[in-house]
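Written out below as structure tokens is the structure these notes cover.
The values are calculated or read from the model by the stated rules, or taken from the named source; none is laboratory data. Everything numeric here is computed off the predicted structure, so don't read it as measured data. Here the Cβ is made from the backbone with ideal geometry for all residues, glycine too, and neighbour counts use every protein chain on show.
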Amino acid sequence: MAWIVIEGPDGVGKTTLISLLRGSLTEKGIKVCVTSEPTNSPLGKLIREWLLKQKIEPPHVYALAFSADRYYHYHNVIKPALSRGEVLLQERYKESTIVYQGAMGLDLEWLELICRYLPDPDLTILLDLEVGKIIQRLKLRGESGDIFEKKDFLHRVRELYLRRAREKGFLVLYAEDLEKLHRQALQYILTLLEEKGLTRRR
Ligand code: TYD
């Protein structure tokens, strides 16, 4: 089993990258499970409907709601997939709470504390892109923008992600050219699988 998390601000291309990676790994005969947060659990749906549409006070509600969804996700989806020996490609995990809710002004130590009983993945890949380019992409998609897709907030999110990546040693990939990004991410994942004895390089 191998557990890979893709993180990054809205609009950097996490979903597209994951679907390309799923295709390439599946072609190699590797069993892949794709999952994301917020989840499709009743709680995840509530988060999407309620929290993402309007500003809720205090911001601690966000941290706790996303984290509750995450503990549910870990226990009911992530852990079972890993124990079936699958390669798990996951969009967003605890760094999303630390970074987004940290960017809302919450204390990072407290955010780390509520994530304490969630294990670390094998690899966290941070997709990075300048905020100006992110905003262009969000406009192209015609996204009306949830409460987290505002320019100043995206700046804080990007900076905090990059700081966390330096501190925690995440792999940072520049997300401008999707084909190149796919090639690079795939290479790192195949190396990881090889190290774990899960595949042979051709
Ligand atoms: P997003 O990945 O955009 O989900 P979808 O594309 O399925 O709607 O996540 C929704 C928003 O929630 C996004 O702006 C990031 C934010 N978010 C947090 O603030 N904290 C978290 O812990 C998570 C998982 C997401």
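Give the residues of the range 143-164 that are part of a loop (DSSP other than H, G, I, E, B) and within 16 Å of Glu95 (Cβ to Cβ), sorted by residue number. It would help to see each step written out before you state the result.
Looking only at the range 143-164, we keep the residues that are part of a loop (DSSP other than H, G, I, E, B), and these are 143-150.
Matches in the range 143-164: Phe148 only.
Looking at the range 95-109, I want the residues that are farther than 18 Å from Arg166 by Cβ and touching a residue at least 24 places away in the same chain (Cβ under 8 Å) and have a partner that is of a type in the set (Gly, Ala, Ser) and in a helix (DSSP H, G or I) with Cβ atoms under 7 Å, at least 6 apart or on another chain. Which pairs are those?
Matching pairs, first to second residue: Thr97/Ala63; Thr97/Ser67; Gln101/Ala63; Leu106/Ala63.
Just one of (1) in contact (Cβ under 8 Å) with a residue 12 or more places away in the chain; (2) more than 10 Å from the ligand (Cβ to nearest atom) trips up Tyr62, so point out which.
It fails just one condition, (2).
Filter the range 146-160 down to the residues that are of a type outside the set (Lys, Arg) and either surrounded by 14 or more Cβ atoms within 10 Å (Cβ to Cβ) or out of contact with any Asp or Glu (no Cβ under 9 Å at 6 or more places or on another chain) (or both) and list them by number. Break it down stepwise before answering.
To start, the set of residues in the range 146-160 that are of a type outside the set (Lys, Arg) comprises 146-149, 152-155, 157, 159-160.
Passing the criteria: Ile147, Phe148, Glu149, Asp152, Phe153, Leu154, His155, Val157, Glu159, Leu160.
Just a yes or no: is a residue in the range 134-145 at pLDDT below 95, surrounded by 14 or more Cβ atoms within 10 Å (Cβ to Cβ) and basic (Lys, Arg)?
Yes, the range 134-145 contains a residue that is at pLDDT below 95, surrounded by 14 or more Cβ atoms within 10 Å (Cβ to Cβ) and basic (Lys, Arg).
Just the residues that are assigned to a helix (DSSP H, G or I) and either near the ligand (Cβ under 10 Å from one of its atoms) or more than 16 Å from the chain's Cα centre (by Cα) (or both), please, taken from the range 73-91.
To start, the set of residues in the range 73-91 that are assigned to a helix (DSSP H, G or I) comprises 73-83.
His73, His75, Asn76, Lys79, Pro80, Ala81, Leu82, Ser83, listed by residue number.
Can you tell me how many residues in the range 11-47 are touching a residue at least 60 places away in the same chain (Cβ under 8 Å), away from the ligand (no atom under 13 Å from the Cβ) and not in a loop (DSSP other than H, G, I, E, B)?
If we filter the range 11-47 for residues that are touching a residue at least 60 places away in the same chain (Cβ under 8 Å), which is where we start, we get 11-18, 20-22, 24-25, 28, 30.
This time we only want the ones that are away from the ligand (no atom under 13 Å from the Cβ), so: 20-22, 24-25, 28, 30.
Next, from what is left, pick out any that are not in a loop (DSSP other than H, G, I, E, B): 20-22, 24-25.
The total comes to 5.
Residue by residue through the range 128-142, note down the ones that are assigned to a loop (DSSP other than H, G, I, E, B) and within 13 Å of the ligand (Cβ to nearest atom). Spell out the reasoning first.
First, the residues of the range 128-142 that are assigned to a loop (DSSP other than H, G, I, E, B): 129-130, 141-142.
Selection gives Arg141 alone.
State yes or no: is Lys94 near the ligand (Cβ under 10 Å from one of its atoms) and of a type in the set (Lys, Arg)? If you could, list the steps in order and put the result at the bottom.
Details: near the ligand (Cβ under 10 Å from one of its atoms): yes; of a type in the set (Lys, Arg): yes.
For Lys94, the condition - near the ligand (Cβ under 10 Å from one of its atoms) and of a type in the set (Lys, Arg) - is met.
Out of Glu37, Glu86, report the one residue that is charged (D, E, K, R), farther than 22 Å from Tyr161 by Cβ, surrounded by 13 or more Cβ atoms within 10 Å (Cβ to Cβ) and at pLDDT 95 or above.
Details: Glu37 fails: farther than 22 Å from Tyr161 by Cβ.
None of the other options fit; the residue is Glu86.
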